[in-house]
Amino acid sequence: MSRFFQYLFDGLSSGAIYSLLALCLVVVYRGTGYLNFAQGEMSMFCTFLVWKLNDWGMPLWLAAICGMLIGYLGGATVETTLIRPVAKRSQFAVFVVAIGLFLGLNSLAGAIWGAPPQETMPSLFPNEPEDFQRIFGASWRYQSIGILVVGLVVTGLLFALFNKTRFGLAMRAVASNADSARLVGVNTGRVLAASWGLAAAIGALAGTMVAGTTGEVVPGLMFSYFVYASAAATLGGFDSLGGAVIAGLTIGVVENMAAGYAPKWIGQEMRLGVALLIILGVLLVRPTGLFGEQKVSRV
Amino acid sequence: MALVTIKRNSPQHIAIRVLGVLLVAIAVLWVPTKMTTGNIDSMTNALALVIAASALNLVIGYTGLISIGHSAFFGIGSYATGVLVSKYGWGHGWSMIFGALLAFIFGFIVALPALRIKGIYLALVTLAVAVLFPTMMKWPKLEWLTNGARGISGIRYEELPSLPFLGELKGRDDRTVFFYWYAIMLVIITVLVCRGIVKSRMGRALIAIRDNEIGAEVMGVNLATTKTLVFGVSAALTSLAGSLSVARTGVVTADGANLTLIGSIVFLVVMVVGGAATITGPIIGALVYVWVDNYTRTASASGDGLIGWLFDWSAVSPASIILSVALIVLMFVAPDGVFGLVRRLARRVAVIK
C-alpha cells in the first residue's frame, strides 16, 4: 500500500508540472486557435535566464519572478511581431514560425550557455536528502509538495483571472468569437498578446521547477515535458482549462503507476510511451478530448 | 508584365527544358569528377536530405497533413539496414527494401488518427512518434536487436561492386564516389515516385484534400485510403534516406543525426526553405541547407568573414540559429521558399503559356 501512495504522490507532483504546461498550451489555443510548438523551448530559455540570474547572485525566488516577467514580455513580443502577421495567411505558416522559434531558441541556448555544469540549478523548495515527511508509509518530499502547491495556486489564480476579472471576460470573448469580440470593443490584439505572455510566464515557472528537481539546465530540458503536456491538453480537450489540469494530474499518476508497477516493461525509459498511447487513444476515440467542445465546420 | 511569352511545347519551350536537363546532368557529373572527397561526401548527405524532404513534401506540401515524425521513419530505415546487415548478413539492397516496407506499414498506422483529426492534432501524434522512437531504440527489452544506447557499428559494404563506366572501386575516395552514385539513384527513384504521384489522379486528390477536405470528399475522393496511402509512401521514401545514410557512415545510434526530433525539423526546414508543394523545392532546399551548415561550421571555427565575426562568442556551430532565423524571415518575405521566389522573378522575364 505504501508503494501505491508513493506512486500516487509522485504522479501528482509530476502531473502538476504537466498541468501547468498544458495550461500554457490551452491559454494560447483558446485565444488564437493554434498550438504553440515552441512553448517548451520558450520555458527552457526562460529557465536558463533564471539560472544565470541566480548564478550572478540574485536569490532564486526573485530570479524566478524576473524570469516570468521576461517570459511575459517575450511571449507578448513573439505574438505581436512574429505570429500575428503570418496568422492571416495560414495555419501552416504559424506552425513553421513556431518550429523556427523552437529550433532557434534551442540552438541559441546551446550556443550561449552550452551545457552548464550539473547540479548547479538550485530548487525553489528545500531539497536536502532529509527534507521529506512520511505519510501513509510514502515519503512526501517537500520539493514535490511545493510543486503540487504551486501548480494548484497558479491554476486557481488562472481560474480567477478568467472568471472574475474584466480582462478574463475579454479573453473568453475572444476565445468564443474573435470577430464579435472586436465589434463590441474588445482590444483583441492586446488580449492575444497577453495570453501568449501569460503562457510564457507560466512556462518559465514550470521550467524553473523542472530544472530544480534534476539540478541541471540543458537545452533539451522540456522536450519530454512538452510531449506530456500536449498529451494532457489532448486528453482534457484543447479548449478546457479544467480539463487540462485534471488530465495533467491523471497522466502524471498513470505514467508513474505504469513505470512503478511494470519496471521491466515500462520503467523509466518507456514512460513517454504511455503519453503517446494516451494521445493516440484519445484522438482515435474522442478527438475533442474529455472536456473539449465539438467543432462544427461550415462548408 | 512579362518581357517574353513562350507557348507551351513550342520549340523554344522544349529548348529551355532540354537546356535545364543538360545543366542538371552536368552538375551531377561535375560533383564526383571535380570535387574533393569531403565535398562529395557532403553532397551525398545533401542527397539523403533531398529524399527525406521530398517525401515530407508529399505529406505536408501536397496533402496538408502536418508531420514532424518523419525522423522516426528515417530511423526505421537506418535500423532496418543496420540490424539486418550486421546481425543477419543481409545485403544492403534487400535490407533497404525491407526497411521501406516496414516504414510503409508504420506510416500507415501513424496516419490512422489523421482520418478523424486535422491539422495540429496530427502534428501532435507525429511529435509523440518522433520523441518516442529514439527512446524505443534504447529500450532494454530491445537491446538484443538494437544494442541499446551504444548503437550498431560496422555496417559497411564489404566489397564495392564494380560498376559500368566507373570500373572497379577501391579505397576511401572511390567509396565516397560510389555512395554518391548510390544516392543519385535513390534520389531519381524518389523524384520519379513523387512526380508520378503528384501528376496523377492521386496527386489531384491530395491537393484537393489540402485545399478543401470536405469539398474533396464530396467530389468523390476517398479520404481514408488517400491519406493513409500517401503517408505510407512518404514514410517508405524517408526510410530509403535512412538506409542510405547508414550505408554511407556505417554506424547507427538512437540519438544520431536525423533520428531525433531535430531530424524531423531539419527535413521541414529543407522543405520550406526550398519551396513546399514543388518537386524542385526540396532539392534546392537540401543544397542550401548543407551549404549553410558547412559554411557556418568552418567560418565559426576559423572566425573568418561576417559569420565568424558575428558568432565569435559561440562555442558551437551557429548553423541552426541562422537557419531558424532564415525560416522565420522566409515565412514573411517568401512563403513559397527559394524556388518559389526564383520562379516568381523568372515569370517577370518570361511566361510559359
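The values are calculated or read from the model by the stated rules, or taken from the named source; none is laboratory data. Model, not experiment: these values are computed from the prediction. Note that each Cβ is placed from the backbone with ideal geometry, even for glycine, and that neighbours are counted across all protein chains shown. Just so you know, the surface numbers come from the protein's heavy atoms only, side chains and all, with ligands and any DNA or RNA stripped out. Shrake-Rupley method; radii C 1.70, N 1.55, O 1.52, S 1.80 Å.
On the beta carbon distance between residue B:204 and residue A:73, with R0 = 51 Å, the FRET formula returns roughly 0.60. Calculated mean residue ellipticity at 222 nm for chain A: -24000 deg cm²/dmol, from DSSP H runs with n ≥ 4 weighted as -39500 (n - 2.57), summed, divided by the residue count and rounded to 500. Across the protein chains, with a 1.4 Å probe defining accessible surface, the residues A:79, A:130 rank A:130, A:79 from largest area downward.
Suppose a student asked you for the relative contact order of chain B, using Cα pairs under 8 Å spaced at least 6 residues apart; what percent would you report?
31 percent
Cross-link check: pairs B:7/B:227; A:264/B:227; B:7/B:199 evaluated at a Cα-Cα cut-off of 26 Å; pairs beyond the cut-off: B:7/B:227; A:264/B:227. Residue-wise HN-Hα couplings along segment A:243-252, as the Karplus relation 6.51 cos²θ - 1.76 cosθ + 1.60 with θ = phi - 60° gives them from phi, are x, 4, 5, 4, 5, x, 5, 4, 4, x Hz; Gly and Pro carry x. If R0 is 45 Å, the Cβ-Cβ spacing of residue B:214 and residue B:141 corresponds to a FRET efficiency of close to 0.55.
Does segment A:23-222 come out rounded, prolate or oblate, given a ≥ b ≥ c as the square roots of the eigenvalues of its C-alpha gyration tensor, rounded meaning a/c under 1.5 and, failing that, prolate meaning a/b above b/c? Oblate, since a/c reaches 1.5 and b/c is not below a/b. With both labels modelled 7 Å from their Cα along Cα-to-Cβ, the residue B:7 to residue B:297 distance reads 5.1 nm. Computed from Cα positions, the angle between helix A:188-214 and the longest principal axis of chain A comes to roughly 10 degrees. Counted without the sites themselves, the longest stretch of chain A free of trypsin sites (Lys or Arg not before Pro) in a DSSP loop having at most 12 other beta carbon atoms within 10 Å is A:90-263. Taking a ≥ b ≥ c as the square roots of the eigenvalues of the Cα gyration tensor of chain B, is the shape rounded (a/c under 1.5), prolate (a/b larger than b/c) or oblate? Rounded, since a/c falls under 1.5. Between residue B:325 and residue A:187, the modelled label-to-label distance comes to 3.2 nm, taking each label 7 Å out from Cα in the direction of the beta carbon. In segment A:84-98, comparing the full protein assembly with the chain on its own, the residues that lose 20 Å² or more of accessible surface at a 1.4 Å probe are A:86, A:89, A:91, A:92, A:95, A:96, A:97. Would you mind getting me the FRET efficiency between residue A:112 and residue B:257? Use the beta-carbon distance for r and R0 = 22 Å, nearest 0.05. In this case the efficiency is close to 0.45. Working from Cα pairs under 8 Å separated by at least six residues, relative contact order for segment A:23-222 is 44 percent. Within segment A:201-299, the chymotrypsin sites (Phe, Trp or Tyr not before Pro) that combine a DSSP coil assignment with at most 16 other C-beta atoms in a 10 angstrom radius are A:265. Summing +1 for each Lys or Arg and -1 for each Asp or Glu among the other residues whose beta-carbon sits under 14 angstrom from that of residue A:262 gives +2. Distances between placed amide hydrogens fall under 5 Å for residue B:6 paired with B:351, B:352, B:353, all partners being 5 or more residues away or on another chain.
Please return the longest range in chain B lying between exposed loop sites, taking chymotrypsin sites (Phe, Trp or Tyr not before Pro), DSSP loop only, at most 13 other beta-carbon atoms within 10 Å, and leaving the sites out. Display every interim value, and only then the final one.
On the way: sites that count: B:165, B:313.
Counting at most 13 other Cβ atoms within 10 Å as exposed, the longest clean stretch of chain B is B:1-164.
Please report the antiparallel percentage of the DSSP beta bridges confined to the protein assembly as shown, to the nearest 5. Just about 70 percent of them are antiparallel. Shape class for segment B:36-99: oblate, because the ratio a/c of the largest to smallest gyration tensor axis (alpha-carbon atoms, square roots of eigenvalues) is 1.5 or more and b/c is at least a/b. For chain B, the mean residue ellipticity at 222 nm estimated from helices alone is -23500 deg cm²/dmol, where every DSSP H run of n ≥ 4 contributes -39500 (n - 2.57) and the total is divided by all residues, rounded to the nearest 500. Computed from phi, the 3J(HN,Hα) profile of segment A:56-71 under the Karplus parametrisation 6.51, -1.76, 1.60 (θ = phi - 60°) reads 7, x, 7, x, 4, 5, 5, 4, 5, 5, 4, x, 5, 5, 4, x Hz, with x in place of Gly and Pro. Checking every one of the chymotrypsin sites (Phe, Trp or Tyr not before Pro) in segment A:1-98 against DSSP loop status and a limit of 11 other Cβ atoms within 10 Å picks out A:56.
Surface calculation, 1.4 Å probe, protein heavy atoms: residue A:10 sits at approximately 50 Å² accessible. Converting phi to 3J(HN,Hα) with the Karplus coefficients 6.51, -1.76 and 1.60 and the offset θ = phi - 60°, segment B:47-55 yields 5, 4, 5, 4, 4, 5, 5, 5, 5 Hz in sequence order, with x at every glycine or proline. Scanning chain B for GluC sites (Glu not before Pro) in DSSP loops with at most 15 neighbouring Cβ atoms within 10 Å leaves B:169-353 as the longest stretch between them. When you restrict to C-alpha pairs under 8 Å that are six or more residues apart and normalise by the size of segment B:1-160, the relative contact order lands at 21 percent. In the context of the full set of protein chains, chain A has a per residue accessible area of 42 Å² (1.4 Å probe).
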